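Engineer: Mind having a look at this structure? Questions to follow.
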Amino acid sequence: MTSKLINLTFLFLSMVVFSQKNEFGIFAGGSNYIGDIGSTTYINPSSYAIGFMYRKNFNKRISARAKVNYVNIVGNDSKSSVLFRKARNKYFENTILDIGLGIDFNFLDFNLTESSFQMSPYFSTGISYLNFDNYKDTPVANIIPLDNNQSIAIPITLGYKIKPNNNLIYAIEVTANHSFTDNIDGSIDNAFGSSLSNDWYVYSGITITYIFGKKICCRNY
């Protein structure tokens, strides 16, 4: 009985850990911020975002993802359509280290173990930890970082992915992140802007992930 239990446990762990349900890859794209400085357009890339991601596929529709992104954001009142912001003419630049966990849902069946062409739109959400700089509000050339700050954000992702072969998945996605801070732009430390809403940041781009793990014969997950 003990031997049978050990064998079943090993089989289960092999299926979970080594099965061909894993992906690891990169993300690259553009970023923008929505807050107290600059443009209020939600998808308006003005800087860059890069990162890594891991995805664990549980079945054809549901998967978990882990991500680490480095997001550069810029706010520039001269690019705003709001007249008082143009007249104020503030500017800032900041970087965000974004570490997150989430759940993906495929709207169509997406089977990693099949060699045929696969495609599906998908939705993802979860929670992210943010690390970013506080800074002193000075002329652009003399921005002085003060210290680090931390917060969390809720990401909302819409994307579309394809699997043209056995090894790679390509996707295009847009992620809007609702943060739990109003200070990514330094508006609290420097006493300007409105405290009625927190900052958002958005990154949009492409992901390329590599499928890995031992393929389980005759198993349709």
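None of the figures in this text is laboratory data; all of them are computed from the coordinates on show. Because the structure is a prediction, the values reported are computed rather than measured. With ideal geometry, Cβ positions are generated from the backbone for all residues, glycine too; neighbour counts draw on all protein chains shown.
Engineer: Using the Cα atoms of the range 42-93 to build a convex hull, what is its mean projected area in square nanometres?
Structural biologist: Reported value for the Cα convex hull: 5.2 nm².
Engineer: For the pair Tyr170 and Gln150, what calculated FRET efficiency results from E = 1/(1 + (r/R0)^6), where r is the Cβ-Cβ distance and R0 = 45 Å, to the nearest 0.05?
Structural biologist: 0.85
Engineer: Separate question: Just subtract the alpha-carbon distance of Phe52 and Tyr129 from 0.36 nm times their residue separation and send over the number in nm, one decimal.
Structural biologist: On the way: separation 77, 0.36 × 77 = 27.72 nm, distance 1.49 nm.
Full extension of this stretch gives 26.2 nm more.
Engineer: Turning to a different aspect of this structure: Which of the aspartates and glutamates could a cross-linker bridge to Lys60, judged by Cα under 16 Å and excluding same-chain residues fewer than eight apart?
Structural biologist: Glu23, Asp104, Asp109, Glu114
Engineer: If you take the beta carbon distance between Met119 and His178 as r and set R0 to 22 Å, what does 1/(1 + (r/R0)^6) give as a FRET efficiency, to the nearest 0.05?
Structural biologist: About 0.15, to the nearest 0.05.
Engineer: Taking 30 Å as R0, compute the FRET efficiency from the Cβ-Cβ separation of Ile62 and Asn198 and round it to 0.05. Display every interim value, and only then the final one.
Structural biologist: Values: r = 29 Å, r/R0 = 0.98.
Calculated transfer efficiency: 0.55.
Engineer: Let me ask another. Of Leu112, Asn183, Asn131, whose Cα points farthest to the positive end of the dipole of the range 22-212 (charges on the beta-carbon: +1 Lys, Arg; -1 Asp, Glu; origin at the Cα centre)?
Structural biologist: Of the listed residues, the answer is Leu112.
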